[in-house]
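Read through the structure below, which is laid out as structure tokens, and then see the notes.
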Amino acid sequence: MGKKQMNNKNIKNNKKKGKNKIWKKVLLIILLILLVAGGVFAYKVHQNGGGASGMLATVLNTKKDVGEFKALLLGISTDQDGVELTDTIIVASYNPNTQKATLLSIPRDTYTGKNTARATAYEKINALYGRKHRPDETLAAVNEITGLNIEYYVVVKTEALIKLVDVIGGVTFNVPIDMDYDDTSQDLHIHLKAGEQKLDGDKAEQLVRFRHNNPDKYGRMTSYPAEYGDNDIGRMRTQREFILQVVKQTAKPENIFKLGEILDVAKQYVITNIDFDVAKDYIPYAVEFNTENMLTETLPGTVPSLNKTNNVSIFVHDKQKTKTLVQELFFDRDLEESEEDTTSEETTSTTTSKSDISIEVLNGSGNSSDLQKVVNQLKGAGYKVTRTGSTNTTAKTTIINKKNVKETLLKNMKDVIGVGTIETSESSSSKIDVTIIIGKDY
């Protein structure tokens, strides 16, 4: 080999070595960047509590300080004529701070009119959505009945339940009784045997829509046993218990890989006014939720005889019992648990009862209607509002402790109105125990 050829070969080898060194440096830099980024990510996950919830909180960049979340769930089915029927009406709440949740079923025949003696089918609560396809009308009626100030609704079409159950591979459920019913007008055919079994989407729809069996040879129709809850009461109980199992089985770790399919189902068959920026803050908490912490109840009331209701079958809620039940489910439950957890820590607090607290509410949200909403929420939760007024517009809602009120009560006020920062500014001369300034975040 000539000297010139050897020089050329050496030059090529040197260039190749130079390129290899450059690539090694680039790879090293990339590796260092990944290590640093991974370290920062791991640190943030640790700061956010670690585990699956900490990872989700970091990925979604969620807020840590979130209050109780309430929404109205409407289950919609469609008959053969294309008429949409509201088969399921449930008030759902979730408190991420206590990991407690509640489902309150509203009977679909609940009367929303003013005069039961002149009742019409159009005044039943399940008819409100079908008339104009406006969930806000049903939401307003539920708020009127319960005294709650629910802001959000979720309309779930039957197809969503069918698809979701199929996506997660079916739901294991203990069917309470043999179910045998046919309604050709709705193309609805229900044939299920009692006992624990895995239900696919089609059988899940049959389960949650069942009320009673086909008439026997004597024309008698059997339903759920009285101790379970007859007809609509039984169906609502089954719906609530099935929802619990769907939540529980959807939350299994292996279903994290099916998240895309689950979201596709939601996009296609769910109508809601919940913004993703609101919902995402609850996701890290929800993955830690234990379905054993969920309470389920039905709106209390009676079914009057037809001769008193214009021959229309309606359900009339008991106002006093409803008020008491709502208080127990959505307010007292979390408050009592918080007090049990902190009795040893709070021995110096002087104001310990809701009725003992004098509350001042000042509106700084810029929206005049917010003042009455907050007052109604507080009164509905058992608090006493002794003074109201307006103040300069402010961004954040603030709950100011002026008279050594228990921390658990202040946190409960925050949960009641759904937002707020708690501050302490004690004043011995103040005639007010707590001042709440409503901000634009309300």
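The values are calculated or read from the model by the stated rules, or taken from the named source; none is laboratory data. If you're wondering where the values come from, they're calculated on a predicted model, not measured in any experiment. Note that we place each Cβ from the backbone using ideal geometry, even for glycine, and neighbour counts take in every protein chain shown. Side chains are part of the model used for accessible areas, which takes the heavy atoms of the whole protein and leaves out ligands, DNA and RNA. Shrake-Rupley method; radii C 1.70, N 1.55, O 1.52, S 1.80 Å.
Key figures for this structure:
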| quantity | calculated |
| --- | --- |
| Heavy-atom accessible area ranking, 1.4 Å probe, most first, across Asp136, Asp370 | Asp136, Asp370 |
| Mean Cβ neighbour count within 10 Å, used as a protection proxy, ranking 376-384, 155-163 highest first | 155-163, 376-384 |
| Average accessible surface area per residue within segment 144-261, 1.4 Å rolling probe, Å² | 52 |
| Label-to-label distance, nm, for residues given as Ala121 and Glu426 (7 Å Cα→Cβ offset) | 6.4 |
| Nearest-0.05 FRET efficiency for Asp230 and Asn174, computed from C-beta distance (R0 30 Å) | 0.95 |
| Gain upon complete extension [Lys248, Lys193; 0.36 nm per residue less C-alpha separation] | 17.5 nm |
| Heavy-atom accessible surface of segment 97-156: percent carbon and sulfur, 1.4 Å | 45 |
| Shape call, segment 172-268: gyration tensor on alpha carbons, a/c limit 1.5 | prolate |
| Contour excess over end-to-end distance, with Cα ends at Arg220 and Gln372 and 0.36 nm allotted per residue | 49.6 nm |
| Order of exposure, largest accessible area first, which applies to Leu410, Leu85 with probe 1.4 Å | Leu85, Leu410 |
| Sites Asn307 and Thr184, calculated FRET efficiency, Cβ-Cβ separation with R0 25 Å, nearest 0.05 | 0.20 |
| In nm, spacing of pseudo-spin labels at Asn143 and Val270 (7 Å Cα→C-beta vector) | 2.2 |
| Under 5 Å, built H, 5+ apart or other chain: amide partners of Thr388 | Val361 |
| Across Lys321/Lys379; Lys124/Lys193; Lys157/Lys267; Lys163/Lys248; Lys157/Lys198, pairs whose alpha-carbon gap is larger than 23 Å | Lys124/Lys193 |
